[in-house]
């Protein structure tokens with residue numbers, strides 16, 4: 001483990017705060033908690049006045065598993081390195097692309113001609129996917145200063161050997177700058193620094209033309225070396241750039257996680273008075289850093305609904321809860337899951353459903369919307385769950401279901417509740433909004449009754465802002481009907497699966513298909529569900545230990 005952080009002078013000057021960096025190797029990753037631990041190193045950095053520390057995980061092959069170690073701070077980037085053999089290109093084809101793309105002319109930047117405002121703005125705009133833009137705590141003026149300095153140092157040849165600029169061209173006259181690329185020779189390789197294309201000039205082949213011009217220069221510089229390569233490093237979140245390089249012929253070689261660790265004792269929230277600089281956060285979310293990466297993929301792919309992330313989340317949740325879950329369906333919220341369960345029970349106006357007297361409004365609303373009468377049963381003081389000993393006395397000939405709420409993830413007495421339900425032929429709906437991955441006698445909450453309703457609201461342990469899931473248990477016919485309700489009462493799901501050639505309105509339903517963006521965020525959480533749960537359990541243990549004395553006094 002490095003004993004000290006390395007000082008990042010350039011970044012410190014730009015951001016007007018003390019910035020450092022820590023580079024970890026594979027041995028460090030397996031001993032993050034050993035002396036000196038990474039926490040010790042960061043604490044020392046904090047004592048030395050550092051406010052921001054970049055922590056770099058070791059580069060790994062692009063197909064290697066993501067390390068399980070949980071590093072401090074926000075994962076803001078997955079640096080992706082691409083390379084290609086220069087001799088995989090056809091020189092004539094490169095010339096065709098570089099010099100004959102309609103409407104543009106590519107020229108070398110002339111040393112000493114200065115930096116235009118257009119080039120500087122192109123450089124700043126190219127950083128939209130960078131880790132310095134993703135991290136909202138980085139001062140915006142520092143971000144703009146960084147990319148402005150980058151292009152400035154490129155055109156004066158400090159960071160580049162050549163800069164090629166694409167201009168709008170009409171009748172051989174060059175006007176507006178549409179893009180640029182910087183290149184530098186490093187040994188027997190050529191490194192691409194910045195590639196930028198104006199938003200309004202996209203889809204005109206400018207990026208390919210600039211890459212082709214850069215490869216022509218590289219072949220001219222390294223033409224005698226049959227092992228010569230070109231390399232480029234970009235952000236994993238920059239899906240358009242990654243796709244562009246891959247289509248051009250570059251192969252992904254390595255990826256490297258980068259974490260921004262803000263040392264919190266030096267930070268004061270602008271929303272908090274100075275004398276309350278370090279409040280205890282309420283409902284603090286744990287992010288993995290992949291949320292933005294996956295959300296960007298969705299935006300770049302066209303914002304489809306019921307697409308890859310939606311289906312991946314449903315499959316992953318069903319894998320996690322196992323048990324008797326026949327099907328898991330992703331929905332926009334825990335409330336929507338409850339509404340679907342109420343529809344599937346075919347409750348009629350005047351029917352009754354037993355509920356706990358202490359719960360969120362959604363638990364009752366989903367039934368009231370169907371004209372059902374909620375019958376409230378008192379809760380137990382010890383865990384605020386429904387008192388199972390009072391349920392049977394509340395049952396009448398109109399009772400059709402019991403909806404139990406696992407308050408704060410603490411399970412209700414499901415054996416007793418299910419026994420009562422079986423005796424009276426009632427549905428059991430588990431409101432497990434707060435109980436995702438909690439268990440009752442080894443069984444996952446939400447899989448014990450007929451339906452399990454989960455929430456991924458931003459206040460929950462696993463989150464996507466707004467989101468939910470419905471588990472349908474031990475009833476294949478009900479699972480099939482659920483897909484009709486999910487798709488506004490149509491059999492569109494069967495159509496999308498290729499089972500029918502057209503779809504129709506055939507039943508009740510509503511728009512219960514979730515936003516694919518929400519599922520992209522949720523997928524990032526589900527990938528690291530064990531790590532997030534471990535961190536939350538550690539926080540819980542601290543509270544339990546620290547509050548023992550108060551609890552002993554009965555407070």
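The values are calculated or read from the model by the stated rules, or taken from the named source; none is laboratory data. Predicted model only: the values in this text are computed from it and were never measured. Every residue, glycine as well, gets a Cβ built from its backbone with ideal geometry; the counts of neighbours run over all protein chains shown.
A few notes on this one:
- Test for residue 380: is it without any contact (Cβ under 8 Å) to a residue 12 or more places away in the chain and either assigned by TED's automatic domain parsing to the domain that holds residue 480 or on the phi > 0 side of the Ramachandran plot (or both): yes
- Annotation: residue 555 fulfils all but one of (1) assigned by TED's automatic domain parsing to the domain that holds residue 438; (2) not in a helix (DSSP H, G or I); the unmet one is (1).
- Neighbours by Cβ (under 6 Å, 6+ apart or cross-chain): first from region 432-460, within 17 Å of residue 529 (Cα to Cα); second at pLDDT below 95 and assigned to a loop (DSSP other than H, G, I, E, B): 444/323; 458/465; 459/283
- Check on residue 360, closer than 19 Å to residue 338 by Cα and in contact (Cβ under 8 Å) with a residue 40 or more places away in the chain: yes
- Residue in region 232-247 that is nearest to residue 297 (Cα to Cα), counting only those that are surrounded by fewer than 21 Cβ atoms within 10 Å (Cβ to Cβ) and at pLDDT below 85: 239
- Filter result (surrounded by fewer than 24 Cβ atoms within 10 Å (Cβ to Cβ) and not in a loop (DSSP other than H, G, I, E, B)) within region 445-480: 473, 476, 477, 478, 479, 480
- For the criterion of being on the phi > 0 side of the Ramachandran plot, in contact (Cβ under 8 Å) with a residue 24 or more places away in the chain and either assigned by TED's automatic domain parsing to the domain that holds residue 339 or touching a helix residue (DSSP H, G or I) at 6+ places or on another chain (Cβ under 8 Å) (or both), residue 474 passes.
- Selection within region 451-470 - within 17 Å of residue 306 (Cα to Cα) and more than 15 Å from the chain's Cα centre (by Cα): 468, 469, 470
- Scanning region 84-124 for residues that are crowded, with 17+ Cβ neighbours inside 10 Å and assigned to a strand (DSSP E or B) yields a total of 4.
- Test for residue 314: is it outside any strand (DSSP E or B) and either under 17 Å from residue 433 (Cα atoms) or in contact with a helix residue (DSSP H, G or I) (Cβ under 8 Å, 6 or more places away or on another chain) (or both): yes
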